[in-house]
Amino acid sequence: MLERTFSIIKPDAVGRNLIGDIYHRFENAGLSIIAARMLHLTREQAEGFYAEHKGKPFFDPLIKFMTSGPIMVQVLEGEDAIRRHREVIGATDPKKAQAGTIRADYAASVQQNAVHGSDSVTSAEREIAYFFSDEDICIRTR
Ligand code: CMP
């Protein structure tokens, strides 16, 4: 089923000039970038995005990390996009991520883990709408 998912290249990976490499991996996995933007999150934006984690011990360090530098946000479209994107990304903990995944190759820790990907249709819809309006989405014509 043709699906959309939401993706972030986090400050650690942007800072290491990995945007092109990571986009290449998405495209090679059959995921098309249909909206994208670079931004530096404010504290309020980061806290709102990660609201479900508020109160967890890693919340404050996570917000500090996510606001430490620019990020790339993108909407990816493709067959089974949510699962495919998560496969390319690998497990949250890089020690558990399969070889060849983005996190196995580039994540330094559970927190500084290079990328974010939506984990369900519901979260993909919420996360896309958090950063993009309908007019930002570019439907592929070829
Ligand atoms: P992400 O996929 O963006 O979703 C929530 C983020 O919180 C996660 O990636 C990690 O960056 C961070 N995170 C999740 N669990 C932990 C943890 N146990 N310790 C530190 N950071 C975590």
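The values are calculated or read from the model by the stated rules, or taken from the named source; none is laboratory data. If you're wondering where the values come from, they're calculated on a predicted model, not measured in any experiment. A quick note on method: Cβ atoms are made from the backbone with ideal geometry, for glycine too, and the neighbour counts reach across all protein chains shown.
Listing for the model above:
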| read-out | value |
| --- | --- |
| Pick from segment 69-112, criterion among the basic types (Lys, Arg) and near the ligand (Cβ under 10 Å from one of its atoms), ranking: nearest to Phe58 (Cα to Cα) | Arg103 |
| Qualifying positions in segment 67-81 - assigned to a strand (DSSP E or B) and in contact with a helix residue (DSSP H, G or I) (Cβ under 9 Å, 6 or more places away or on another chain) | Ile71, Met72, Val73, Gln74, Val75, Leu76, Gly78 |
| Among residues of segment 41-64, those that are hydroxyl-bearing (Ser, Thr, Tyr) and either away from the ligand (no atom under 11 Å from the Cβ) or at pLDDT below 95 (or both), counted | 1 |
| Close pairs (7 angstrom Cβ cut-off, 6 or more residues apart or separate chains): under 21 Å from Ala129 (Cα atoms) in segment 76-97, modelled with pLDDT of 95 or more and part of a helix (DSSP H, G or I) anywhere | Leu76/Phe26; Leu76/His85; Gly78/Arg84; Ile82/Val121; Ile82/Ala124 |
| Count - residues of segment 1-55 that are touching a strand residue (DSSP E or B) at 6+ places or on another chain (Cβ under 9 Å) and among the basic types (Lys, Arg) | 3 |
| Which numbered condition Arg84 fails, given (1) over 18 Å from Ile19 (Cα atoms); (2) among the charged types (D, E, K, R); (3) surrounded by 14 or more Cβ atoms within 10 Å (Cβ to Cβ); (4) touching a helix residue (DSSP H, G or I) at 6+ places or on another chain (Cβ under 8 Å) | (4) |
| Qualifying residues in segment 30-66 (those that are assigned to a strand (DSSP E or B) and among the β-branched types (Val, Ile, Thr)) - the one surrounded by the fewest Cβ atoms within 10 Å (Cβ to Cβ) | Ile33 |
| Residues satisfying the stated conditions in segment 113-126, i.e. buried (at least 17 other Cβ atoms within 10 Å of the Cβ), outside any strand (DSSP E or B) and near the ligand (Cβ under 10 Å from one of its atoms) | Asn113, Ala114, Ser118 |
| Residue within segment 12-19 that is over 14 Å from Gln111 (Cβ atoms), buried (at least 18 other Cβ atoms within 10 Å of the Cβ) and in contact (Cβ under 8 Å) with a residue 40 or more places away in the chain present | yes |
| Residue in segment 42-63 that is touching a residue at least 40 places away in the same chain (Cβ under 8 Å) and basic (Lys, Arg) present | no |
| Subset tally (residues that are under 18 Å from Gly90 (Cβ atoms) and in contact with an Asp or Glu (Cβ under 6 Å, 6 or more places away or on another chain)) for segment 1-26 | 1 |
